[in-house]
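Remarks on the structure that follows.
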Amino acid sequence: MHMHKYEKIWLFFGIGSLFLFLTIVGVSAFAQGNQPPSCLTTIDPEKVDQTPPFNKPGLVKTGDNEYQLNIVASAFAYTPNQIEIPKGAKVTINVTTKDVIHGFEMVGTNVNMMVEPGYVNSFTKTFNETGEFTILCNEYCGTGHHLMTAKVKVVDKQ
Ligand code: CUA
């Protein structure tokens, strides 16, 4: 079959781009741990305080070295706002809001979620090193927006 030179170039370019983009998506997902927005779980934003697990926010042990961290965002605070995580723990962070849209960014990590009323957002991360992380709100939510922070400490297990 005869193929024109330009046609070959275009085919090479097209198939090459396909593999390039698949590689980028693969590296992003498997090497850097990026996840698509979850947003599959809904919650009544007016009843967050009565809805498990957000009626008792905080760190819950769910397995061997596995934890769930349930956090409620509201203007202008996170509950809880001082969190201790044992080193090496695999933590699924669930976060929701009682009022307006907030952000949930763990500075220096790839944990970065938009927190929308009516939805529960989740992100799973393993904390392999001790240290301190600041959580901050990166969606403008009102006059106290700049005060909205929390602290996570990853500590050595006793
Ligand atoms: Cu909450 Cu900005």
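The values are calculated or read from the model by the stated rules, or taken from the named source; none is laboratory data. Treat the numbers as computed from the prediction; the structure is a model and nothing was measured. Using ideal geometry, Cβ is built from the backbone for each residue, glycine included, and neighbour counts are taken over all protein chains shown. Side chains included, ligands, DNA and RNA excluded: accessible areas come from the protein's heavy atoms. Shrake-Rupley method; radii C 1.70, N 1.55, O 1.52, S 1.80 Å.
Looking at the stretch 90-106 only, could you name the residues that are away from the ligand (no atom under 16 Å from the Cβ) and either touching a residue at least 40 places away in the same chain (Cβ under 8 Å) or not assigned by TED's automatic domain parsing to the domain that holds PHE123 (or both)?
Scanning the stretch 90-106 gives a single hit, ASN94.
Could you please find all residues in the stretch 31-64 being of a type outside the set (Val, Ile, Thr) and more than 24 Å from PRO86 (Cα to Cα)? Give the steps one after another, and end with the answer.
From the stretch 31-64, those of a type outside the set (Val, Ile, Thr) are 31-40, 44-47, 49-50, 52-59, 61, 63-64; that's our starting set.
Once the filter is applied, which keeps residues that are of a type outside the set (Val, Ile, Thr) and more than 24 Å from PRO86 (Cα to Cα), the stretch 31-64 yields PRO36, PRO37, SER38, CYS39, LEU40, ASP44, PRO45, GLU46, LYS47, ASP49, GLN50.
Within the stretch 114-146, restricting attention to residues that are farther than 23 Å from ASP64 by Cα and out of contact with any strand residue (DSSP E or B) (no Cβ under 8 Å at 6 or more places or on another chain), which residue is nearest to the ligand (Cβ to nearest atom)?
HIS145
From the list THR109, THR96, which residue is in a loop (DSSP other than H, G, I, E, B), within 13 Å of the chain's Cα centre (by Cα) and under 23 Å from TYR140 (Cβ atoms)? I'd like the intermediate steps shown before the answer.
Numbers: THR96 fails: in a loop (DSSP other than H, G, I, E, B).
Checking each option against the conditions leaves just THR109.
Based on this model, can you work out whether VAL60 counts as at pLDDT below 95 and within 16 Å of the ligand (Cβ to nearest atom)? So that I can check it myself, show each step before the final result.
Working: at pLDDT below 95: yes; within 16 Å of the ligand (Cβ to nearest atom): no.
No.
Scan PHE54, PHE21 and give me the residue that is in a loop (DSSP other than H, G, I, E, B) and surrounded by 10 or more Cβ atoms within 10 Å (Cβ to Cβ).
Details: PHE21 fails: in a loop (DSSP other than H, G, I, E, B).
From the options PHE54, PHE21, the qualifying one is PHE54.
Tell me yes or no: at least one residue of the stretch 66-77 is open to solvent by 60 Å² or more (accessible area, probe 1.4 Å), at pLDDT below 95, within 13 Å of the ligand (Cβ to nearest atom) and in contact with a Pro (Cβ under 9 Å, 6 or more places away or on another chain).
no
Count, please, the residues in the stretch 114-146 that happen to be under 16 Å from GLN32 (Cα atoms) and of a type in the set (A, V, I, L, M, F, W, C).
Quick first cut of the stretch 114-146, residues under 16 Å from GLN32 (Cα atoms) only: 123-128.
Subsequent filtering for residues that are of a type in the set (A, V, I, L, M, F, W, C) retains 123, 127.
The qualifying residues number 2.
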